[in-house]
1. Roughly how big is the chain's charge dipole about its Cα centre, with Cβ charges of +1 (Lys, Arg) and -1 (Asp, Glu), in debye to the nearest 20?
2. By how many nm would the segment from Glu102 to Leu32 grow when fully extended, if each residue of separation counts as 0.36 nm and the alpha-carbon distance is taken off?
3. Mind checking the angle between helix 165-177 and the chain's longest principal axis? C-alpha axes, 0 to 90 degrees, to the nearest 10.
4. Out of all DSSP beta bridges with both ends in the chain, state the antiparallel percent to the nearest 5.
5. Can you tally the lysine pairs in the chain where the Cα-Cα distance is under 21 Å and the two residues are eight or more apart, or on different chains?
6. Run the numbers for His117 and Cys54: contour at 0.36 nm per residue of separation, minus the present Cα-Cα distance, in nm.
7. Compare the peptides 14-22, 73-81 by average per-residue count of other Cβ atoms within 10 angstrom and give them in order, highest first.
8. If Lys and Arg each add +1 and Asp and Glu each add -1, what is the summed charge of the other residues whose beta carbon sits under 9 Å from the beta carbon of Trp139?
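Derivation of every value follows stated rules applied to the coordinates shown; laboratory data play no part. None of these values were measured; they are calculated from a predicted model. For neighbour counting, all protein chains shown are included, and Cβ atoms are generated from backbone atoms with ideal geometry for every residue, glycine included.
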Amino acid sequence: MGVRTWIDSWPVYRQLKGNDPLGRGAAVKSPLSSERKARLDTADRVVKSICPYCAVGCGQDVYVQDGKVTQIEGDPDSPVSRGRLCPKGSASLQLTTGSAREHQVLYRRPNSTEWEHLELDTAMDMIADRVVKARREGWEWEDIHGARTRRTMGFASLGGATLDNEENYLIKKLFTALGAVQIENQARV
């Protein structure tokens, strides 16, 4: 590459000599960057979603290609976040594609230091058995003053802040039907 060719490829020189004096267009583009395509251009579809991390509910655009999530960005149409995401929300692609994501149920027995893999059906049965046992052992027909309560203090529910109204309604109904009175949500804590 000769000196003249090198100077002609220099962005500041192109900016001053060309039609782009403010350096906002062709003057600052290299041939290499002109050839590149944005990851978002290859997406088959864009799905609107909500960030799963906190109670703010920032909007996200989830880019999907061949049935796999390729990118997650802030949704500029969201009245909540107007296209912005915090560092955790910006890294939420790792929830779907990260190498640390677990795809199996992990269980650590009491007093153990090791995790073991369980089948989902086994884990669900263990949870159901523990709910029934806690309900049976902690059931109160009446309080210390003799007032009828029909409740259990054996378990509680702490819901996630990103659950929608319908999900929170169903969780409240489920735990109330089971007799629990300690039902809270992260959004209020």
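1. Working: 27 positive and 25 negative charges, 144 e Å.
Rounded to the nearest 20 debye, it is 680 debye.
2. Values: separation 70, 0.36 × 70 = 25.20 nm, distance 3.79 nm.
Full-extension gain reported as 21.4 nm.
3. Orientation of helix 165-177: about 20 degrees from the principal axis.
4. Working: 18 of 22 bridges.
Antiparallel bridges: around 80 percent, rounded to the nearest 5.
5. Numbers: Lys17/Lys29; Lys29/Lys37; Lys37/Lys68; Lys48/Lys68; Lys48/Lys88; Lys68/Lys88; Lys133/Lys172; Lys133/Lys173.
Pairs that pass both the separation and distance tests number 8.
6. Working: separation 63, 0.36 × 63 = 22.68 nm, distance 2.86 nm.
In short, 19.8 nm is gained.
7. Working: 14-22: 13.0, 73-81: 15.7.
Highest to lowest by the protection proxy: 73-81, 14-22.
8. Values: positive: Arg135, Arg136, Arg150, Arg151; negative: Glu137, Glu140.
Its environment carries a net charge of +2.
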